[in-house]
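For reference, the structure discussed in these notes is given below.
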Amino acid sequence: MVRRVLSLVSARIAAGVLFVIVFLAVFGKLLAPQDPLAGGPQQLAGASWHHWLGTDYLGRDVLSRLLEGSRISVLGSVEVALIALVVGAVPGILSVYLGRAFEWLTLRVADTLIALPFLVFAVAVTALLGNGISQAMITVGVLISPLFYRVSRAATLAVARSQYVEAALISGASIGWIVRRHVWVKVLPPIAVALAQTVGIGFVVVSSLTFLGIGVQPPAPTWGGLLASDLRYLHYQPYAPVAPIVLIMATVWGCNQLADAIRDVSGEAGRALLNTRRARVNRVADREPVSVEGGAR
Amino acid sequence: MAVSAATYPFVSGRRPGVVAARVRRAAGRTLATLARSVAIFVPVFLVATFVTFSLRALSGLSPARLQLGEDATPQAIHNIESQWGLDRPFLAQYGSWFDHLLHGNLGRSWSSGVSITQLLGDGLTISLSVSFFALIIGVVFGFAFGTLAAVRRTTWIDRVITGFMTVISVMPPFVVGIILVEVFAVGLGWFPSAGYVPANQGFGLWLAHITLPAVALSFDAISVVARQLRSGLIAAYRENYVTGAIVRGLSPRRIFFRHVLRNGAGPALSVLGARFPVIIGGSVVTEWIFGLQGFGRFANDAAQQGDVPAVQGVLVVSILLVVSFNLIINVVLGRVTPASQRGV
């Protein structure tokens, strides 16, 4: 499946962008030219050979802070997505099997979590629970989890009631074989789409929280925190927010694009297509659907 | 229906009777939609308020720490906690809190002792004017872009709009907010960069202060509505009844408004209901950027202070806003596309 996804040009670009960003997140500390927390004599300096992206209001090197901050911002959103996967997918699959009371209860909770004003709750709960980065991740993860709940529940329902699973059971296949052969193929693509989406959403929320100064202690740099401090000195450094904004937009765009590519390749119902050429034909058909009616108009 | 047929016999003037019957049927359908929507949202409201209330127990915060500081004697802590009624069993506390809630009483702030309803009142006006302005911008521009892209589909106009929507969909509100401050407040100086002026001190001034925050909040709604509307309208244009209408020689305008828009706008409307929480949530960030003392800012400050009843009040109000907005959307949706109610 990975190869099929990467055969799309947009997916390759998105994966490249995300790879660079994850690389920065993992090795940012080693790449940083200077100590991200050490102030210098030049404050609010412009870009120079010594400070590629200039310095902030305490004379700290912006490039180093950006690289150092990528760890919390990016790896944090991956963690959020994984928490959401566990919290959402497990009850989603169990809701099909554990009886109607459990099903009703989990459905109502999922409805509620979807209807909540996300950011207000994330801010409030994180701050009340002690204002740490792990509290932030758990809160945001739980708030996003209905996405996985719905996706995994729908996929499980489709598989559990399908005739080919019944046929396989009757012909004596073991549960493990059915899961490997039928269920996995059906459940994996929607989960992958949801995972890519959640990383994007989680990234936006974690960045918003750090922008507000929630979930991190002050000297530690994050992309959101960098933007917040840039905001106060816009008059002196009008171009300072460009670098973090570009990084944030590139990350969100990469996640969305990857999610779209996985969806395109695996088809609407999560059905894996046989070869890439058919996937591409479908894509073109979706993009430009109305050549006939265009003439009729 | 039987009652209405008895009260309005057929003989008594044909036209008024028909009109009245039609109005009554529409009203009945709207009421039925409303009842069904309420049935969906009551459990949502109950679960959400329960989660909100259990925040105090989860966080373990108490008014004693706020008022006495870290090194208070256990006896003093106990006194204050019993004064706030916190030594009672959890469910009893929830019961009386919920009872007060239904009477519009959100309790008192731990830090200042002032009624939270009163504290929230001013902030709510600011937040609501910004949010609804954002919503109007989102609906107007979302529908304009979506319609334009669908009518001129597969041309360069469509491609430009779709590309633009992709770009603004990846911009979170705080990014848009900073760009707007940078360009329109610092760079061009057209709008004030922060603060708020009530509408009774000058409408133009008020509008100037809420424009930038509203625009920052609206980007998400614009992109979502435009994309949904575009795909909805294009799907409607593919239907056989549109081909039939073209063959019958109806004008493109009539086809668009009577056949396509009505059938294609459903998904865009329902997605608008789903995006309203995002607008309300985004106000936390935009109010921070633009220095507005709205209820998002209030939530942020109260939460960082550890003032649990104030936070609960804000959360309950935001839940109420979302639920009532979704009720309205459901009713509108039921009127525009009755088929959308079948699955509910």
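The values are calculated or read from the model by the stated rules, or taken from the named source; none is laboratory data. A quick note: this is a predicted structure, and the numbers were derived from the prediction, not measured. Because the Cβ atoms are built from the backbone with ideal geometry, glycine has one as well, and the counts that use them run over all protein chains shown. Keep in mind that these areas ignore ligands, DNA and RNA; they rest on the heavy atoms of the full protein, side chains included. Shrake-Rupley method; radii C 1.70, N 1.55, O 1.52, S 1.80 Å.
Give me the extension gain from A:E166 to A:R100: residue separation times 0.36 nm, minus the current Cα-Cα distance, reported in nm with one decimal.
Values: separation 66, 0.36 × 66 = 23.76 nm, distance 2.16 nm.
Gain in length upon complete extension: 21.6 nm.
Exposure check, 1.4 Å probe, all protein chains in place: A:L85 carries approximately 40 Å² of accessible surface. Would you mind classifying the range A:128-197 by shape? Square roots of the alpha carbon gyration tensor eigenvalues, ordered a ≥ b ≥ c; an a/c under 1.5 is rounded, otherwise it is prolate if a/b is larger than b/c and oblate if not. Prolate, since a/c reaches 1.5 and a/b exceeds b/c.
On the beta carbon distance between B:R254 and B:A208, with R0 = 41 Å, the FRET formula returns roughly 0.50.
About the Cα centre of chain B, what is the dipole size in debye to 20, counting +1 per Lys and Arg Cβ and -1 per Asp and Glu Cβ, all else neutral? Walk me through the numbers on the way to the answer.
Numbers: 26 positive and 13 negative charges, 560 e Å.
It comes to approximately 2680 debye.
When exposed loop sites are taken as GluC sites (Glu not before Pro) in a DSSP loop with at most 15 other Cβ atoms within 10 Å, the longest stretch of chain B clear of them is B:71-238. Ranking A:Y97, B:Y94, B:Y196, A:Y239 by solvent-accessible area of protein heavy atoms (1.4 Å probe, all protein chains present), from largest to smallest, gives A:Y239, A:Y97, B:Y196, B:Y94. Oblate is the label for chain B, because a/c, from the alpha-carbon gyration tensor with a ≥ b ≥ c as root eigenvalues, is 1.5 or above and a/b does not exceed b/c.
Roughly how big is the range A:2-274's charge dipole about its Cα centre, with Cβ charges of +1 (Lys, Arg) and -1 (Asp, Glu), in debye to the nearest 20?
Values: 18 positive and 12 negative charges, 162 e Å.
Roughly 780 debye, rounded to the nearest 20.
Summing both sides, the accessible surface hidden between B and A at a 1.4 Å probe radius is close to 4200 Å². Prolate is the label for the range A:182-238, because a/c, from the alpha-carbon gyration tensor with a ≥ b ≥ c as root eigenvalues, is 1.5 or above and a/b exceeds b/c.
Ordering B:I40, A:I138 by accessible surface, largest first, gives A:I138, B:I40; the 1.4 Å probe counts only protein heavy atoms, with every chain in place. Pairwise Cα separations in the range A:2-274 fall into 5 Å bins from 0 onward with the following percentages, short to long: 1, 6, 11, 14, 15, 14, 12, 9, 7, 5, 3, 2, 1, 1, 0, 0.
Each helix, a run of at least 4 DSSP H residues, gives -39500 (n - 2.57); summed and divided by the residues of chain B, these come to -24500 deg cm²/dmol at 222 nm. Residues in the range B:118-144, backbone N under 16 Å from the label point at B:I328 (7 Å along the Cα-to-beta-carbon vector): list them, ranges by number please. Residues B:124-140 qualify, since their backbone N sits under 16 Å from the label point.
Hey, what D do you get for the range B:131-273 in µm²/s if you plug the Kirkwood alpha-carbon radius into Stokes-Einstein at 10 °C and 1.306 mPa s? Mind showing how you got there, number by number?
Values: Rh = 16.7 Å.
Translational D for this selection: 95 µm²/s.
Sorting A:I248, B:I246 by solvent-accessible area of protein heavy atoms yields B:I246, A:I248, largest first, with a 1.4 Å probe.
Once the Cα atoms of helix B:116-151 and of chain B are each reduced to a long axis, what angle between those two axes, in degrees from 0 to 90 to the nearest 10, is obtained? For helix B:116-151, the angle is close to 30 degrees. What a 1.4 Å probe finds exposed on the range B:106-183 is 75% carbon and sulfur by accessible area, rounded to a whole percent. A Förster radius of 22 Å combined with the Cβ-Cβ distance from B:A39 to B:R88 puts the calculated FRET efficiency at roughly 0.10. The long axis of helix B:295-305 is offset from the longest Cα principal axis of chain B by roughly 30 degrees.
Across all Cα atoms of the range B:74-199, the radius of gyration (one decimal) and Dmax (whole number) stand at 24.1, 75 Å. A 1.4 Å probe, protein heavy atoms only, puts the accessible area of A:F118 near 50 Å².
For B:H100, the accessible surface of its heavy atoms amounts to roughly 90 Å² (probe 1.4 Å, protein chains only, rounded to the nearest 10). Using the beta-carbon distance between A:R181 and A:F27 and R0 = 35 Å, what value does 1/(1 + (r/R0)^6) give for FRET efficiency, to the nearest 0.05? Between A:R181 and A:F27 the formula returns 0.30.
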